[in-house]
Amino acid sequence: MTAGTPHRAGIALGRALHALAPADRVERLALAPAVTSAGYLVATGLALVWGSVLSGFRVSRRGGVIVCRGLPRWAFGRGGTTIGAVYLTRDAVGERVLAHEAVHRAQWRRYGLALIPLYVAAGRDPQRNRFEIEAGLEAGGYR
C-alpha cells in the first residue's frame with residue numbers, strides 16, 4: 001500500500017457521500033424536528049443526571065430552565081452552562097442570567113446536538129459568538 005492510498009480513499013469516500021447526500025440535504029436532515037428534538041432530549045437527560053449527582057440533588061425549575069445549583073466549578077464552563085434544558089452552575093442564578101440561559105435552552109431545542117459543533121464554530125469570543133449575542137451579552141455577564 002502506498003503512503004497516499006488512505007488519503008485517496010478518504011477523498012473518494014467524501015465524494016461518494018457528497019454525491020449521495022448533498023450538503024443541503026444533510027443540513028435539512030440534521031435540523032429536522034425529529035432529529036433536533038431527540039438530540040435535545042438526550043442532552044437534557046444526560047445533563048440532568050450529571051447536574052443532579054454533582055449538585056447533591058439541588059435541582060429546581062426557574063426562569064424557563066432546570067437549574068442544578070451548587071456544582072463544583074470544574075463541572076461547567078464560566079459562571080454556568082446550559083445543556084439541553086438544564087443549567088449547571090455553582091451559584092449564578094440571578095433573574096437576568098436565567099433569562100440568558102433560557103435563550104440557550106431555546107437554541108438547544110432548535111438545533112439539538114448540532115448546537116455543539118455550531119457553537120464551537122461560532123468561536124470562543126462571546127462578543128462575536130452568535131449564540132451568546134442572541135442570548136444577550138449583558139445578561140450573560142459578558143459586558
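Where a number appears in this text, it was derived from the coordinates with a stated rule and is not lab data. Keep in mind the model is a prediction, meaning the values are calculated, not measured. No Cβ is skipped: glycine too gets one built from the backbone with ideal geometry, and neighbour counts run over all protein chains shown.
By the compact-protein rule of thumb, 2.2 N^0.38 Å, the alpha-carbon radius of gyration of the chain corresponds to a ratio of 1.28.
For the pair A121 and R28, label points projected 7 Å from Cα toward Cβ lie 1.8 nm apart.
Highest mobility in the GNM of the chain, judged by mean-square fluctuation with C-alpha springs under 10 Å and restricted to R105, R61, R90, is found for R61.
So what's the net charge close to S55: Lys and Arg +1, Asp and Glu -1, counting the other residues with Cβ under 10 Å from its Cβ? Counting the neighbours of S55, the net charge comes to +3. Restricting the GluC sites (Glu not before Pro) of segment 85-140 to loop positions (DSSP other than H, G, I, E, B) with no more than 11 neighbouring Cβ atoms within 10 Å leaves E138.
The local environment of Y40, defined by Cβ-Cβ distances under 12 Å, has a net charge of +3 under the rule Lys, Arg +1 and Asp, Glu -1. Placing +1 on the Cβ of every Lys and Arg and -1 on the Cβ of every Asp and Glu, with nothing else charged, gives the chain a dipole about its Cα centre of roughly 120 debye. Among the chymotrypsin sites (Phe, Trp or Tyr not before Pro) within segment 37-71, those in coil by DSSP and having at most 12 neighbouring Cβ atoms inside 10 Å are F57. For the chain, the membrane-span-like helix rule (DSSP H, alpha carbon extent of at least 15 Å along the helix axis, mean Kyte-Doolittle at least -1.0) picks out 5-20, 33-54; this says nothing about an actual membrane.
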